[in-house]
1. If I filter segment 28-46 down to residues being in contact with a helix residue (DSSP H, G or I) (Cβ under 9 Å, 6 or more places away or on another chain) and more than 17 Å from TRP12 (Cβ to Cβ), which single residue comes out as surrounded by the fewest Cβ atoms within 10 Å (Cβ to Cβ)?
2. Consider segment 16-71. How many of its residues are farther than 18 Å from ILE157 by Cβ and part of a helix (DSSP H, G or I)?
3. Would you mind finding the one in VAL164, VAL136 that is open to solvent by less than 60 Å² (accessible area, probe 1.4 Å), under 23 Å from ALA207 (Cβ atoms), of a type outside the set (Ser, Thr, Tyr) and not in a helix (DSSP H, G or I)?
4. Scan segment 69-84 residue by residue and report those that are buried (at least 19 other Cβ atoms within 10 Å of the Cβ) and over 17 Å from MET119 (Cβ atoms).
5. Between a residue in segment 192-218 that is within 23 Å of ARG56 (Cβ to Cβ) and any residue that is at pLDDT 95 or above and polar (S, T, N, Q), which pairs come within a Cβ distance under 9 Å, given they are 6 or more apart or on different chains?
6. Would it be correct to say that GLU66 is exposed (fewer than 13 other Cβ atoms within 10 Å of the Cβ) and in contact with a helix residue (DSSP H, G or I) (Cβ under 8 Å, 6 or more places away or on another chain)?
7. Restricting attention to segment 186-196, report how many residues are open to solvent by 60 Å² or more (accessible area, probe 1.4 Å) and either more than 12 Å from GLY144 (Cβ to Cβ) or of a type in the set (Phe, Trp, Tyr) (or both).
8. Go through (1) outside any loop (DSSP other than H, G, I, E, B); (2) within 22 Å of ILE142 (Cα to Cα); (3) open to solvent by less than 10 Å² (accessible area, probe 1.4 Å) and name the single condition LEU101 misses.
Amino acid sequence: MNAVHELLQHSWSTAWQQLGLPSGAADEQLRGKLLAAWGGPERKYHALGHLQQCLRALESVWSLPERPAELAIALWFHDAIYEVRASDNERRSADWAAQALIEHGAPEQVCARVHALVMDTCHAAQPATADGLWMVDIDLGILGASPERYAQYEAQIREEYAWVPSWLYRRKRRALLRQFLGRDTIYGTPYFRMLLELPARRNLEQAVAALGGRPART
């Protein structure tokens, strides 16, 4: 068993067991469907590598969130449906998560919380819960990566949107990155703010400049 497979199996089985859900062929089949979804050939950044990064980040702070097992399952589902031309990927992924949990006997409140965590990755508003802050910060961990890894990330995103004309992509991408720079803080948890806030701002400022614009603030 390689390290990647071991991480994925450990994450899934740990979260599933802590939620008190029955293990067996049914949950293995669900995990297989999720892995197949994440492994789609059209994915360049929103692929298994992103899932692995998120799960590793959660593992490093496992004792800090209120319900880490729910976070783990939400991370498994958060980009499970990813179509670059669609605008409802998060909702469809969240719906899949809630329905799958219901079918495996999870309590309604667990299904609702996991659904909300997946929806938090729309990044449209401040999460309403403490675990929502962890969810968003983990999802945005790439922004605070090394300059080399961040440059690779930008290239991967561009590849996913290769069908968008260059002038339009640059305008839309600048606007999105400026939104993050315009926030008082990019990260909502003290842990990730201390760890990633400064490198994330440096990466975003450089990316905006490379796209032909100026940051919203410094």
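The values are calculated or read from the model by the stated rules, or taken from the named source; none is laboratory data. Since the model is a prediction, treat every value here as computed from it, not as a measurement. Every residue, glycine among them, receives a Cβ derived from its backbone with ideal geometry; neighbour counts consider all protein chains shown. SASA here: full protein model, heavy atoms, side chains in, ligands and nucleic acids out. Shrake-Rupley method; radii C 1.70, N 1.55, O 1.52, S 1.80 Å.
1. GLU42
2. Final tally of qualifying residues: 26.
3. Result of the check over VAL164, VAL136: VAL164.
4. Selection gives ALA69 alone.
5. If the second residue must be at pLDDT 95 or above and polar (S, T, N, Q), the pairs left are ARG193/THR185; GLU197/THR185; PRO199/SER146; ASN203/SER146.
6. Here the answer is yes, as GLU66 does meet what is asked.
7. Selection size over segment 186-196: 2.
8. Single failed check for LEU101: (2).
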